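Below is one structure; the comments refer to it alone.
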Amino acid sequence: MIASRTTRLAALFVLPAAFTLGVATPAPAHEGHATGTTKAADGDTYQIDLEQLNDSGASGAALVSLEGDKLTVKIDAQGLVPGQPHAQHIHGSTDGHDFRCPDKSADKDGDGIVTTAEGLPQYGDINISLTTKGDTSKDSGLAVDRMPVADKDGRLTYSRTITVSQDVADHLKDLHVVQHGIDRNDDGKYDFGAGKSELDPKLPQEATAPANCGMVKGAAVGSMPVGGVETGGGTTRGVESPGLLAAGGAAVLAAGGLFAVRRRPRTSAVRHDG
């Protein structure tokens, strides 16, 4: 399954020919996650396997590539809430702390959901907000109007190159990707059935709870097609739809404008470019 996701991601998101793909020497790591003692090298491409959290059914794969201070992030995920925006971030530490993806033990209140607040001690704070445009700092963590939207089948593709700080470049292997947004009651939308988000009481818990998480592997991906970047069709689909941007960010969700799409049954400082 992981191999097929990686193959599909490679086929969907080909790196520019000028983007050198080196083969990295695996860093000292446990469970594929480096401890910060070995820096990522320019031109290396690292694979991230996204595994579900909160029984969301969401999985996928990501590739992160570093060229100087340019970080290219490409994601192909499925099993997400169809038609809904999914906040996504790079979490972790740039000071050598070994954060990692949480497990069910992080659910401290026993309600069956590892919330963002419950997961933070394990996966760390937001380092980069993986928005589709504009700011990519922690401040855009809940910029729902600039987060990618899953298509009608729950598929989400994303590709963006971001200018990052030297700290991020030096500690890329210590970072990981988290996508948010679950459908606890399978009603095809984000609602308040699971309560309010602890991040913003105007938002449902479902909208901000983590859906999947993946850590950077310790070795580069050695085989990728050569060609131009294919941006994919799911990056901003639905975001510009009439009525969905009557208000920005949390206000959009609070107004209920993004909750109406039915779901089919399941089968750190960062500068930004663009």
Report summary line: Amide H proximity to GLU67 below 5 Å, modelled H, separation 5+ or other chain, gives GLY43, THR72
Query raised in the report: Once amide H atoms are placed 1.01 Å from N in the peptide plane, what residues at a sequence separation of 5 or more from GLU51, or on another chain, have their amide H within under 5 Å of its amide H?
Result: CYS213, GLY214
Report summary line: On the formula 1/(1 + (r/R0)^6), with r taken between the Cβ atoms of ASP95 and LYS133 and R0 of 51 Å, the FRET efficiency rounded to 0.05 is 0.95
Report task. Using 0.36 nm per residue of separation minus the Cα-Cα distance, give me the extension gain between THR163 and GLU51 in nm, one decimal. Result -> 37.7 nm
Query raised in the report: Among all the lysines, which ones have a C-alpha under 21 Å from LYS133's C-alpha, if same-chain residues fewer than 8 places away are not counted?
Result: LYS70, LYS74
**Report entry** Karplus-derived 3J(HN,Hα), 6.51/-1.76/1.60, for each residue of the range 129-146, Hz, glycine and proline x
**Finding:** 8, 8, 7, 7, 7, x, 4, 10, 7, 4, 4, 9, x, 10, 7, 4, 6, 10
Report task. Mind ranking 155-166, 194-205 by how tightly packed they are, going by the mean number of other C-beta atoms within 10 angstrom, highest first? Result -> 155-166, 194-205
Report summary line: Quick calc, ALA117 & LYS202: beta-carbon distance into FRET formula, R0 22 Å, rounding 0.05, result 0.85
**Report entry** ASP55, ASP139, ASP170, reordered so the largest accessible area comes first (probe 1.4 Å)
**Finding:** ASP139, ASP55, ASP170
Requested in this report: Rounded to the nearest Å, what's the spacing between the alpha carbon centres of the range 133-179 and the range 106-120? Just the number, please.
Outcome: 22 Å
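The values are calculated or read from the model by the stated rules, or taken from the named source; none is laboratory data. Computed from a predicted structure; not experimentally measured. Every residue, glycine as well, gets a Cβ built from its backbone with ideal geometry; the counts of neighbours run over all protein chains shown. Side chains included, ligands, DNA and RNA excluded: accessible areas come from the protein's heavy atoms. Shrake-Rupley method; radii C 1.70, N 1.55, O 1.52, S 1.80 Å.
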